[in-house]
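Peer 1: After the structure tokens below, expect a handful of questions from me.
Please treat every number below as a calculation from the coordinates, not as lab data. Only a predicted model underlies this, so the values are computations on that prediction, with no experimental measurement involved. When we count neighbours, we look across all protein chains shown, and the Cβ atoms used for this are built from the backbone with ideal geometry, even at glycine.
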């Protein structure tokens, strides 16, 4: 079953993307069949391209450590256990390091992505890519 994003749950985007990646074949088939239908079909633009799946995969890769650590840090910290400040601060440093590494790792890929997509498409999907 597909999971929907939820504004009140921190990790719902990650969980939604992870489930979509697990159900990739079924989602692609469902969309393809719907595009072919005459009654209330989805449009061709609703199909996921290979680039779309790559972006989802990379997004999940970036969000996974946040999911892991928020689940790990969940606690009321009544006994100084999970979620205490002494645990959270090093975790934040670790997560910042991950984000900095991913920015470097994907920097060149973003440049290539920009070359392949026209500016109007990027504007429609609300992506503002920095100059490199």
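Peer 1: With the crude spin-label approximation of a point 7 Å out along Cα→Cβ, what separation in nm comes out for residue 37 versus residue 61?
Peer 2: 3.5 nm
Peer 1: Another question, then. Using packing as a proxy for protection, rank 58-69, 91-102 so that the peptide with the highest average count of other Cβ atoms within 10 Å comes first.
Peer 2: 58-69, 91-102
Peer 1: If we count other beta carbons within 10 Å of each Cβ, what is the order of 86, 10, fewest first?
Peer 2: Arranged by neighbour count, lowest to highest, 86, 10 become 86, 10.
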